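Asks: Shown below is the structure under consideration.
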Amino acid sequence: MELNKKNRFGIGEGELIEIIYELPLPMRLDRWLVSKRTEQSRARIQYFINAGLVLVNYKTAKAKTPLKKGDNIQIWMPPPEPLIYLKPEKIDLDILFEDEHIIVINKQSGLIVHPAPGHKSGTLVNGLLFHCKDLPGINGKLRPGIVHRLDKDTSGCMVVAKSQEALVNLQIQIKEKIASREYIAVIHGAPKSSEGRIVGNIGRDKSNRLKYVVVDETAGRYACTYWKLIERFGNYSLMSFKLDTGRTHQIRVHCAHMNNPILGDPLYGRCKKLPCKLNGQALHATKLGLIHPINGKEMSFKAKLPTEFQKLLKVLKTN
């Protein structure tokens, strides 16, 4: 129900959502909310709880509060925060598909997806705000419409939602592995077989907060990557990857864990002379498959390799 005056939460406009916990087994409040409110990020759910915007049986709850069948959960959803410093900027976008619900782009290498400390402009979000007039308010303050991310120096297919309904549907497709994402990369060395699977939980590197590493199975977050060898080029190999999960830096971390880091990777790569100049890692999201979030049509997109990647392959084949 919509409330336009102050209420028991002591704040103004917003939406009060009331849900009865019906599961037979107990579950932590934060984990249940993440699974229930898929349109909200994990960090935003945590913010709601820490800010006292979630009540269990009419009392302020904590993230670890255990829920049991019949519990009453109330969530006060404040209006979307204004995009305070996000300004629309005219940025060239390679658009593969667009309608009133989604936009699929071939993101160029070097483009940061959304604002972060030290990067408040020149991001994909700034370009999307210029191109799409209805994005503000979708998926929070700094990531309007963003369903999934690509690292700054990773190029290729990305889908962005243009409505809240499309956003929620696409997030579920990613979570339930309905949407498919395929990548290609050039790695150092060569695997011993033609295909395989890398399974390794991923967590932050304790010695470098910018990096992630494969950690013990009792820590980090579960991650699984399928790979195939496409072609060998002496000391290098062209590989294809398919994500089963979507962790931060997943392919880059898993390749480094195999002792076959991606060429040009500034965080996980080898400091040695490369076959040709690269401005980042040789990693490209080549294919994206999804079901249109509104009309249910199966869709598939393929992103052309950037010029730099094409030049690298040509040099490797020549050598």
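Asks: For the stretch 162-187, how many residues meet the condition of being without any contact (Cβ under 8 Å) to a residue 12 or more places away in the chain and of a type in the set (A, V, I, L, M, F, W, C)?
Replies: Of the stretch 162-187, the ones without any contact (Cβ under 8 Å) to a residue 12 or more places away in the chain are 176.
Still in the list and also of a type in the set (A, V, I, L, M, F, W, C): none.
Selection size over the stretch 162-187: 0.
Asks: Could you list all residues from the stretch 297-312 that are more than 11 Å from Leu278 (Cα to Cα), buried (at least 19 other Cβ atoms within 10 Å of the Cβ) and over 19 Å from the mean Cα position of the chain (by Cα)?
Replies: Pro306
Asks: Could you list all residues from the stretch 188-222 that are in contact with a Lys or Arg (Cβ under 7 Å, 6 or more places away or on another chain), touching a residue at least 24 places away in the same chain (Cβ under 8 Å) and not in a loop (DSSP other than H, G, I, E, B)?
Replies: His188, Glu195, Ile202, Tyr212, Arg221 - these are the residues of the stretch 188-222 that are in contact with a Lys or Arg (Cβ under 7 Å, 6 or more places away or on another chain), touching a residue at least 24 places away in the same chain (Cβ under 8 Å) and not in a loop (DSSP other than H, G, I, E, B).
Asks: Quick one: how many residues across the stretch 233-274 are touching a helix residue (DSSP H, G or I) at 6+ places or on another chain (Cβ under 7 Å) and of a type in the set (Gly, Ala, Ser)?
Replies: 1
Asks: Now for a separate question. Quickly run through the stretch 54-65 and pick out the residues that are closer than 20 Å to Arg42 by Cβ and loosely packed, with under 12 Cβ neighbours inside 10 Å.
Replies: Lys64
Asks: Further question: Applying the selection to the stretch 1-34, what residues are assigned to a strand (DSSP E or B), surrounded by 14 or more Cβ atoms within 10 Å (Cβ to Cβ) and modelled with pLDDT under 80?
Replies: Leu3, Gly14
Asks: Take the conditions in contact with a Phe, Trp or Tyr (Cβ under 9 Å, 6 or more places away or on another chain) and assigned to a loop (DSSP other than H, G, I, E, B) and apply them to Ala185. Does it pass? Give the steps one after another, and end with the answer.
Replies: Working: in contact with a Phe, Trp or Tyr (Cβ under 9 Å, 6 or more places away or on another chain): yes; assigned to a loop (DSSP other than H, G, I, E, B): no.
No, not satisfied.
Asks: Something else: Identify, from the list Lys277, Lys273, Lys311, the residue that is of a type in the set (D, E, K, R) and outside any loop (DSSP other than H, G, I, E, B).
Replies: The unique qualifying residue is Lys311.
Asks: When you scan the stretch 233-242, do you find a residue that is surrounded by 16 or more Cβ atoms within 10 Å (Cβ to Cβ) and assigned to a loop (DSSP other than H, G, I, E, B), even just one?
Replies: Just the residues of the stretch 233-242 that are surrounded by 16 or more Cβ atoms within 10 Å (Cβ to Cβ), to begin with: 233, 236-242.
Applying the additional criterion that residues be assigned to a loop (DSSP other than H, G, I, E, B) yields none.
For the stretch 233-242, residues surrounded by 16 or more Cβ atoms within 10 Å (Cβ to Cβ) and assigned to a loop (DSSP other than H, G, I, E, B): absent.
Asks: Buried (at least 20 other Cβ atoms within 10 Å of the Cβ) and in contact with a Gly (Cβ under 6 Å, 6 or more places away or on another chain): does that describe Ile187? Break it down stepwise before answering.
Replies: Working: buried (at least 20 other Cβ atoms within 10 Å of the Cβ): yes; in contact with a Gly (Cβ under 6 Å, 6 or more places away or on another chain): no.
No, not satisfied.
Asks: If you don't mind, another one. Please go through the stretch 277-296 and give me each residue that is hydrophobic (A, V, I, L, M, F, W, C) and surrounded by fewer than 16 Cβ atoms within 10 Å (Cβ to Cβ), ordered by number.
Replies: First, the residues of the stretch 277-296 that are hydrophobic (A, V, I, L, M, F, W, C): 278, 282-283, 285, 288, 290-291, 294.
Across the stretch 277-296, the qualifying residues are Ile291, Ile294.
Asks: Continuing with this model, one more query. Given (1) under 19 Å from the mean Cα position of the chain (by Cα); (2) at pLDDT 95 or above, identify the lone condition not met by Ser237.
Replies: The failed condition is (1).
Asks: Moving on to the next point. Has the stretch 121-141 got at least one residue that is free of Cβ contacts under 8 Å to residues at least 24 places away in the same chain, out of contact with any strand residue (DSSP E or B) (no Cβ under 9 Å at 6 or more places or on another chain) and closer than 30 Å to Leu313 by Cα? Walk me through how you get there before you give the answer.
Replies: Step one: list which residues in the stretch 121-141 are free of Cβ contacts under 8 Å to residues at least 24 places away in the same chain, which gives 123, 133.
Among the residues that remain, those that are also out of contact with any strand residue (DSSP E or B) (no Cβ under 9 Å at 6 or more places or on another chain) are: 133.
Going one step further and asking which of them are closer than 30 Å to Leu313 by Cα, we end up with none.
Within the stretch 121-141 (the criterion being free of Cβ contacts under 8 Å to residues at least 24 places away in the same chain, out of contact with any strand residue (DSSP E or B) (no Cβ under 9 Å at 6 or more places or on another chain) and closer than 30 Å to Leu313 by Cα), the answer is no, since none of the residues qualifies.
The values are calculated or read from the model by the stated rules, or taken from the named source; none is laboratory data. Fair warning: this is a prediction, and the values are worked out from it, not measured in the lab. Neighbour counts are summed over all protein chains in view; Cβ atoms, including those assigned to glycine, are modelled from backbone coordinates with ideal geometry.
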